[in-house]
Amino acid sequence: MYGEAAVREFLDPWHPRASVEGGRPERVFVDPERVLDNITLALHRFDVDIDSPPAFDPDTVTVNELSVMLEDPDRAAVLVSHLVNVAVQLMAARYPEALVRFPLPDTYDLRDVDGLAIGDREHDLARTILNQRLATDADLGPDDLVERLRPLGPGGQVHLLVALCRMYRHKLLALKHHTGTC
């Protein structure tokens, strides 16, 4: 059934393991709070070391954990709002407010910069959500996002999350470059 070590790690509140997989049919038990904690940690690492692995690296959040989180639009909205809120809080804590609040322009296209293969809808929604959060001191709540995420399937939601992480990275690079902290 489940590996004893994996279960011990999952039950250990200080271990980053956020899921246990196994059984027949295949079952995945996920601790959503720990998934959010792992994403927060990845965003912190990104803030300190721009070359660190992205937030959805398998060592941070597994594909199965993401699948479980994205099965339900409410959980997907929690994940997206958490990611965007933490990203903006980290930037606001380190960089001048005027630079942090500056929105990504309409001409910014992640696909041109990173060669990321995502659709227009996911790209535009990611930029809109990030810009919405950049424009205010208030955190976005899941209720602010659930209806916007509903039309996206799980694949589109994954693309949206990856786009948000990469947009955060680009914004961080711009902030570091502008402030001379590269």
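The values are calculated or read from the model by the stated rules, or taken from the named source; none is laboratory data. Keep in mind it's a predicted model, so treat the numbers as computed, not measured. Cβ coordinates were reconstructed from backbone atoms using ideal geometry, including for glycine residues, and neighbour counts include every protein chain displayed. Just the protein is used for accessible areas: all its heavy atoms, side chains included, with ligands, DNA and RNA removed. Shrake-Rupley method; radii C 1.70, N 1.55, O 1.52, S 1.80 Å.
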Please state which of the following conditions ASP106 fails to meet, knowing it meets all the rest: (1) out of contact with any Lys or Arg (no Cβ under 9 Å at 6 or more places or on another chain); (2) farther than 30 Å from SER67 by Cβ; (3) open to solvent by 60 Å² or more (accessible area, probe 1.4 Å). (1)
For the range 123-134, check the following and say yes or no: at least one residue is within 14 Å of the chain's Cα centre (by Cα) and assigned to a loop (DSSP other than H, G, I, E, B). no
Any idea which of ALA138, ALA77 is within 30 Å of PHE29 (Cβ to Cβ) and either open to solvent by less than 60 Å² (accessible area, probe 1.4 Å) or touching a residue at least 24 places away in the same chain (Cβ under 8 Å) (or both)? ALA77
Scan the range 147-159 and tell me whether some residue there is open to solvent by 30 Å² or more (accessible area, probe 1.4 Å), assigned to a loop (DSSP other than H, G, I, E, B) and β-branched (Val, Ile, Thr). no
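Inside the range 161-176, can you point out the residues that are charged (D, E, K, R) and either open to solvent by 30 Å² or more (accessible area, probe 1.4 Å) or not in a helix (DSSP H, G or I) (or both)? Please lay out each step first, then the result.
If we filter the range 161-176 for residues that are charged (D, E, K, R), which is where we start, we get 166, 169, 171, 176.
Of everything in the range 161-176, those that are charged (D, E, K, R) and either open to solvent by 30 Å² or more (accessible area, probe 1.4 Å) or not in a helix (DSSP H, G or I) (or both) turn out to be ARG166, ARG169.
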Would you point out which residue out of ALA117, ALA98 is exposed (fewer than 13 other Cβ atoms within 10 Å of the Cβ) and not in a helix (DSSP H, G or I)? ALA117
